[in-house]
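No lab work stands behind these numbers, since they all come straight from the coordinates. Everything numeric in this text was worked out from a predicted model, so none of it was measured. FYI the Cβ positions are ideal-geometry reconstructions off the backbone, even for glycines, and counts take in every protein chain you see.
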Amino acid sequence: MRNKLIALVLAYTVLLVPAPPAPVTASPAADSMPAPDGELQRSLQSVVSDLGLLLPLAEGRLAVSLVDITDSAHPRYAGVNDRKMMYAASLPKIAILLAGFERIRAGLMEYTPSVKAMFTRIARFSSNTDSSAAIQRIGFNFIADVLTSGAYRLYDPLMNGGLWIGKAYGGPNDYWKRDPLHNISHGATSLQVARFFLLLDQGKLVNPSYSAEIKEILSNPGIHHKFVKGLDSIGVRDVYRKSGTWKDAHCDAAMVEHDGRKYIAVALMKDVRGGEVLPRLIVKLDDLIMRSRPALGD
C-alpha cells in the first residue's frame, strides 16, 4: 500500500509538469504530429486525474492521445505515456487496412466487393477469421514494410515503436515475429495510432481516394462498447473507430465528428477495469474538446 501511495504522489507530480519538448533526435514521422499544445495537455492531464487514473498512468498501464482537428490546418495534440509501446489486441488491425490498400495500389491485389466486405468485417466487427485471411493474403513482410516505410513510419525505433502485427489472429501459419524493440505480437503506441487517424483525415493514407474508402470502412462500428458506448450515451453517432480487447488489455481509437468539432482519441489500457473506464474517459474527452475552443464558423 505504501508503495502505491508513493507512486500515486509521483504520478500526480509528473502530471503537473508540462510535457517536455520533442527530442533533438526526432524521427521524420514526428513532423506529421504537432508538438503538445500546452492548454490541451493540461486539460488532458486533469481528465486523467479526475477519473482516478494516476496509478495506472504511473505504472505504465495507461496511455492516451488526443488530437483536436477541428481546424485541420492547425491540429492540437496532447498525450500521456503516448510513446509507451503496449499490447493492443485487435487495434493494430488498422494496419491490415493500410497495407491492403497499398497492395491494391501497387497492382498486387484486386479491390473486389468481397475484399471490401472482408475489410469491413475486420474494421467493424473485428473478425479474427477475416483478419488472418487478409494478413496471409497481404503478407507479414509487406505489412511490416508499409508500417516502417519512410512514407509512414508508423513503426519507428526513434519513436519507441508503434503499430506492429507479428502474428495473425488464429489459423495456420499464425506466427511471424514479434516487434524488435519490445517483443510484442500485436503492439501499438497511442501516438502512432493517433498519427494513423491524422493521416487518414488528411487523405495521406495511400491516396485521398483510398483514405476516404478506409474512413468509410471504419464507420458504423458494429461492437458497441468502450468509446462507442460512451459516445452513444451522449448522442454522438459520427464515429470512425477500431478497438481491441484481450483479457485485461482494453484499447480503443476513434475519429469523432460532433457538432462542428472533430477530434481523434486513443486509449491503451492494461487493467481489468478498462471496459468500464474507457466509456467514461471518452465522455470526458468529448466534453474537453467541446468546451476548449469555438467550432469553425462559430
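List of remarks:
- When the alpha carbon gyration tensor of segment 176-298 is reduced to an equivalent ellipsoid, the three semi-axes, largest first, read 24, 20, 13 Å.
- Straight-line cross-link partners of residue 116 among the lysines, defined as a Cα under 28 Å from its Cα and at least 8 positions apart when in the same chain: 93, 167, 177, 204, 215, 226, 229, 242, 262.
- Of the beta bridges in the chain, as assigned by DSSP with both residues counted there, near 95 percent are antiparallel.
- Among 82-88, 128-134, the order from most to least packed when residues are scored by Cβ within 10 Å on average: 82-88, 128-134
- For the chain, built as a Gaussian network whose Cα springs stay under 10 Å, the top-fluctuating residue of 196, 125, 101: 125
- Folded to 0 to 90 degrees: helix 208-217 orientation relative to the chain principal axis, Cα: 80
- Peptides ranked, highest mean first, by Cβ atoms within 10 Å: ranges 167-175, 32-40, 184-192, 241-249: 184-192, 241-249, 32-40, 167-175
- Length-normalised contact order for the chain - Cα pairs under 8 Å, 6+ apart - percent: 22
- Normalised by 2.2 N^0.38 Å, with N the number of residues, the alpha-carbon radius of gyration of the chain equals 0.95.
- Span from the segment 55-75 Cα centroid across to the segment 77-150 one, whole angstrom: 22
- Residue-averaged [θ]222 nm for the chain, counting only DSSP H segments that reach four residues, each worth -39500 (n - 2.57): -13000 deg cm²/dmol
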